[in-house]
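Trainee: One structure, pasted below without further comment.
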Amino acid sequence: MGCKIEEFQQEQRKRMRSVQDSMDVLNGKWKIPIISSICCYGKRRFSDILNDVEGISNRMLSKELKELERQLDSFHYLPAFSREEPKEGRRTGYVHAVYEELLHEQKPDAKFYLCGWKAMIDEAKQRITALGYDRKDIHLELYG
């Protein structure tokens, strides 16, 4: 009889840990609307999420996406700024070097969300497909 009680208690602890982990991730004003935007549509660019989540600023969305990356193993937010001054936690330079460095040793399942000028997007599509990814995994927003 004691064994069943211990099993029940262990199962309850596991359930409570799951609830607590979920609460830790969803804590805050913006997490649920951001996750809803991503999950509802599947393919979301930064600007799409910004438009979906009423009242959120660029800076806050970026902060929340970075926090989600820290909390969720399968979520990655990797902005690259070609004209920005170097800052801690921010990659600078051309985007090609960023994804090629990340994908150098292994080929994880990935979706690519790119925004930029046509020449940069065309080069990125060529390089990403050369790495073995399907064109359907590349989503883009053209400038100009």
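No value in this document is a laboratory result; all are computed from the given coordinates. Nothing here was measured: the structure is a model prediction, and the numbers come from that model. Virtual Cβ from ideal backbone geometry, glycine too; neighbours counted across all protein chains shown.
Trainee: Which entries of 31/111; 66/125; 63/118; 29/125; 29/107 have Cα-Cα distances beyond 31 Å here? Walk me through the intermediate numbers first.
Mentor: On the way: 31/111 21 Å; 66/125 25 Å; 63/118 28 Å; 29/125 36 Å; 29/107 34 Å.
Flagged as over cut-off: 29/125; 29/107.
Trainee: What is region 95-144's relative contact order, in percent, from Cα pairs under 8 angstrom and six or more apart in sequence? Show your work: numbers first, answer last.
Mentor: Values: 35 pairs, mean separation 23.4, N = 50.
Rounded, it is 47 percent for region 95-144.
Trainee: Taking 0.36 nm per residue of sequence separation and subtracting the Cα-Cα distance, how much length would be gained by fully extending the chain between residue 46 and residue 115, in nm to one decimal? Display every interim value, and only then the final one.
Mentor: Values: separation 69, 0.36 × 69 = 24.84 nm, distance 0.91 nm.
Full extension from residue 46 to residue 115 adds 23.9 nm.
Trainee: Next up: Lysines near residue 4 by alpha-carbon distance under 28 Å, same-chain residues fewer than 8 away left out - which ones?
Mentor: 14
Trainee: Here is a follow-up. Given H placed 1.01 Å from N in the peptide plane, which residues other than close sequence neighbours of residue 141 have an amide H under 5 Å from its amide H?
Mentor: 114, 115, 116
Trainee: A further question on this structure: Efficiency by 1/(1 + (r/R0)^6): what FRET value for residue 11 and residue 75, r their Cβ-Cβ distance, R0 = 25 Å, to the nearest 0.05? Could the numbers behind the result be given before it?
Mentor: Values: r = 28 Å, r/R0 = 1.11.
Using R0 = 25 Å, I get an efficiency of 0.35.
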